[in-house]
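Notes follow once the structure below has been shown.
The values are calculated or read from the model by the stated rules, or taken from the named source; none is laboratory data. Source: prediction; values computed, not measured. Heads up, the Cβs are rebuilt from the backbone with ideal geometry, glycines too, and the neighbour counts pull from every protein chain shown. Heavy atoms of the whole protein, side chains included, go into the accessibility calculation; ligands, DNA and RNA do not. Shrake-Rupley method; radii C 1.70, N 1.55, O 1.52, S 1.80 Å.
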Amino acid sequence: MSLFGSLYIGDSGLRTSQNALNTTAHNLSNLNTVGYVRQQVANSDTTYTNTQKNMAGYNVQIGDGVKYADCRHIRDMFMDATYREESGRYSFYETSYSAILEIEDIMGEFEDAAFSKSVSGLWSAMQELSKHPNDTVNMSTLVQKCAAFIENATKVYSSFIEYQNNLNRQVKDSVAEINQIGNRIVELNKAISRIEVGGIESANDLRDERDLLLDTLAGYGNIEYEEDKYSNVSVRFNGTDFVTGTRTFEMGMLTDESTGFVMPYWPHNVVWVTDENGERVQDFESAKVFNLTEEISTARDTDVGSLRALLLARGDHIANFTDVNADICTQAKLDKLGITAEQYNAEYGKKYYNKEISNSIIMNVEAEFDHLIHAISTKVNEVLAQACDPVSGYLCNADGSPMQMFQKVMSDPYQRVMTSKDDEKLIQEKIDAGELYESGNKIFNKDGKVVMVRICDEKGNPIPNNYWKFNEEDPDVAFSLYNCTNLDINLKLVQTPALLGFKYEDDSADYNIGKAFVEAFQKDGIYLNPDATAMSTFENCYTNLMSQISASGNVYKLLYEYEQLAVENADNERQTVIGVSSDEELERMIMYKNAYNAASRYINVVNSMLDTLLSMAS
């Protein structure tokens with residue numbers, strides 16, 4: 001080989017060592033950069049020069065130096081897949097656990113809760129009232145405790161709704177972030193493809209950014225991805241095409257006009273169908289990103305991603321007691337179940353609860369809490385109605401209607417009606433059939449609830465065919481319900497608690513009503529939800545509700561902590577491959593520096609030899 005050829009060999013070693021040093025320095029400078037993957041230099045021989053044959057008849061090859069063959073992007077696809085799967089599952093349980101913690105904060109059980117005190121305060125007031133029912137102090141205390149009860153209940157329920165709206169905003173932000181990620185992946189696909197199309201360069205830093213976006217996207221939901229021969233990555237989100245090479249199929253948001261809640265859907269999957277009126281309409285059901293009625297299961301991958309967790313926690317509407325009372329039929333239940341009112345029964349009510357309500361952390365607690373408030377408020381009113389006397393005016397308003405402790409905000413509890421002969425005949429037939437019964441100028445249903453009260457004149461004589469009729473609750477009409485959004489205390493009683501009286505015409509105390517209040521709290525109760533196996537009395541119903549929340553919280557906490565550990569382990573394993581070690585990089589820097597120095601000295605020796613030869617020739 002000529003001296004000039006030897007000089008080229010030294011030059012190749014110099015340039016290769018310099019490039020390797022640059023790569024090592026790049027690794028060290030990105031030691032703490034999130035998502036950065038270490039790059040590894042791969043050197044190889046350059047082409048060989050064939051010379052004369054040796055004694056054995058083989059060609060003699062002389063090396064022409066070294067070249068910078070590749071800058072490897074060190075990743076493990078299986079470790080990436082494991083990390084992203086665990087990350088998605090961790091995000092799901094983290095979001096769910098956060099929702100439980102927020103509910104506990106709203107209920108305030110760990111900060112000396114006001115509502116808990118209002119329940120126990122109401123119970124204490126009823127106990128004191130049973131001892132001295134006509135004591136004005138006890139009557140005033142009862143009214144005050146009822147006012148505090150409904151005020152705090154309304155605050156708690158309003159906080160549930162506010163938190164639902166907060167989760168709804170998080171859903172919007174998540175969908176916007178997912179779409180941004182998809183669009184950025186497309187941009188990176190194009191940039192990487194342009195750089196790598198010649199097969200010479202590798203766009204490692206751009207690949208790092210794209211891989212980091214895939215890591216982030218995995219936290220929102222279940223993703224599948226693959227890279228084609230043109231370096232384009234295609235992504236499927238929850239089983240649907242999201243990114244296909246150079247195009248993004250963005251998520252849309254379908255807004256519920258009544259609640260403002262949004263539901264993510266795929267615009268490209270919306271189909272047109274013909275409705276019952278023969279008109280062409282869009283069917284969004286099959287285009288929704290998630291089926292929220294699916295069972296939450298690791299085996300079915302339905303416990304992956306924070307977006308699904310947010311939607312489940314928020315629910316699709318503001319729940320109330322009708323959602324957990326399997327005996328109540330609503331149009332919403334019929335629409336969800338796809339049945340008619342004639343087909344509906346308690347089993348369908350239970351099916352609706354398990355399919356639509358139980359999976360939602362907020363809606364479940366929201367409905368059970370409202371169920372408790374509805375039961376207590378209607379029971380207190382019922383006790384007063386059963387004790388009222390339209391003849392003497394005891395526990396009646398000035399117009400003769402039964403007095404109520406808790407009133408509906410947007411509608412009247414009773415309406416004055418005048419019955420016809422046919423109406424009176426029908427009432428009598430129902431009495432004869434045992435569906436109704438009359439006592440003390442009041443008509444009761446078979447459950448013992450007052451449905452009609454006779455109207456009396458100034459002398460206390462019943463006016464024929466004139467009644468105060470109780471306005472029954474219509475589960476499909478919000479303003480007719482005794483629920484947290486439509487309840488208030490009777491302001492007249494707040495101003496003048498003595499209106500209750502709790503004494504008969506002979507001034508003797510009405511101990512029966514005090515006893516009725518206490519018995520109602522101790523003996524009557526509700527099933528918190530259709531799956532509850534035992535009835536909860538009013539006295540311990542709130543405690544049972546909090547125990548249920550606590551039990552759910554413990555389950556989510558254990559799953560959250562387990563997934564947190566799984567993610568940490570998966571990330572630690574992955575970092576052993578992709579992570580930058582300062583010690584290893586410094587070792588390589590010293591090695592490449594020495595190689596650079598050796599190549600430099602080699603060139604100096606060759607250069608010196610050339611100078612000597614040129615001097616001799618001259």
- Task: Would you work out the charge dipole size for the chain about its Cα centre, treating the Cβ of every Lys and Arg as +1 and the Cβ of every Asp and Glu as -1, and quote it to the nearest 20 debye?
- Result: 1480
- Item | Set of lysines with alpha-carbon distance to Lys593 below 20 Å, sequence-local pairs under 8 removed | Lys67
- Residue-count net charge about Lys355 - beta-carbon cut-off 11 Å; Lys, Arg +1, Asp, Glu -1: +1
- Task: Any chance you could run the full-extension gain for Thr419 through Tyr504? It's 0.36 nm times the residue separation minus the Cα-Cα distance, nm to one decimal.
- Result: 27.6 nm
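Given a 1.4 Å probe, how much area per residue of the chain is accessible, in Å²?
51
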- Task: For the stretch 251-265 and the stretch 585-610, compute the distance between their C-alpha centroids and round to whole Å.
- Result: 66
- Note on the structure: Of 87-95, 520-528, ordering from highest average Cβ density within 10 Å down gives 87-95, 520-528
- Measure nothing fancy, just the Cα-based angle from helix 77-107's long axis to the longest principal axis of the chain, in degrees from 0 to 90, nearest 10. 30
- Distance in nm between Asn277 and Ile200 label points, each 7 Å along Cα→Cβ, equals 6.6
- Item | Rounded percent of accessible protein surface that carbon and sulfur make up, the chain, 1.4 Å probe | 49
- Do you know the relative contact order of the stretch 270-404, to the nearest whole percent, from alpha carbon pairs under 8 angstrom that are 6+ apart? 19
- Message: I need to check one value: relative contact order of the chain, counting alpha carbon pairs closer than 8 Å and at least 6 residues apart, in percent.
- Response: 20
- Query: Tyr602: accessible area at probe 1.4 Å, nearest 10 Å²?
  - Reply: 90
- Query: Contour minus end-to-end for Asp241 and Asn291, with contour as 0.36 nm per residue of separation and end-to-end as the Cα-Cα distance?
  - Reply: 16.4 nm
- Scan [x] 63; [y] 54; [z] 58 for the value of percent of Cα pairs over 33 Å apart calculated from this model and give just the label. [x]
- Message: Along the charge dipole of the chain, pointing to its positive end and built from +1/-1 on Cβ of Lys, Arg, Asp and Glu, which listed residue (Ser130, Ser29, His371) has its Cα farthest out?
- Response: Ser29
- Task: May I ask for the angle, rounded to the nearest 10°, between helix 511-523 and the longest principal axis of the chain, with both axes built from Cα atoms and the value confined to 0 to 90°?
- Result: 30
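Hand me the chymotrypsin sites (Phe, Trp or Tyr not before Pro) from the stretch 145-219 located in a DSSP loop with no more than 10 other Cβ atoms within 10 Å, in residue order please.
Hits after loop and neighbour filter: nothing returned.
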- Query: Once phi is turned into ³J(HN,Hα) by the Karplus curve 6.51 cos²θ - 1.76 cosθ + 1.60 with θ = phi - 60°, what whole-Hz value does each residue of the stretch 226-234 show in order, with x for glycine and proline?
  - Reply: 7, 10, 8, 5, 9, 6, 8, 9, 9
- Protection proxy (average C-beta count within 10 Å per residue), highest first, orders 371-379, 359-367 as 359-367, 371-379
- Under 11 Å by backbone N from the virtual spin label 7 Å along Cα-to-Cβ at Val34, the residues of the stretch 212-233 are 213, 216
- Item | Peptides 482-490, 470-478 ordered by average Cβ neighbours within 10 Å, highest first | 482-490, 470-478
- Item | Spin-label zone in the stretch 327-350 - amide nitrogen under 13 Å from a point set 7 Å from the Cα of Asp256 along the C-beta vector | 332-333, 336
- Message: Let me make sure I get this right: for the stretch 357-466, a, b and c are the square roots of the gyration tensor eigenvalues over alpha carbons, sorted descending. Under 1.5 in a/c it's rounded, otherwise prolate if a/b > b/c, else oblate. Which is it?
- Response: prolate
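Which shape class applies to the stretch 384-523: rounded if a/c is under 1.5, otherwise prolate when a/b exceeds b/c and oblate if not, where a ≥ b ≥ c are the square roots of the Cα gyration tensor eigenvalues?
Numbers: a/c = 1.45, a/b = 1.14, b/c = 1.27.
It is rounded, given that a/c, with a ≥ b ≥ c, falls under 1.5.
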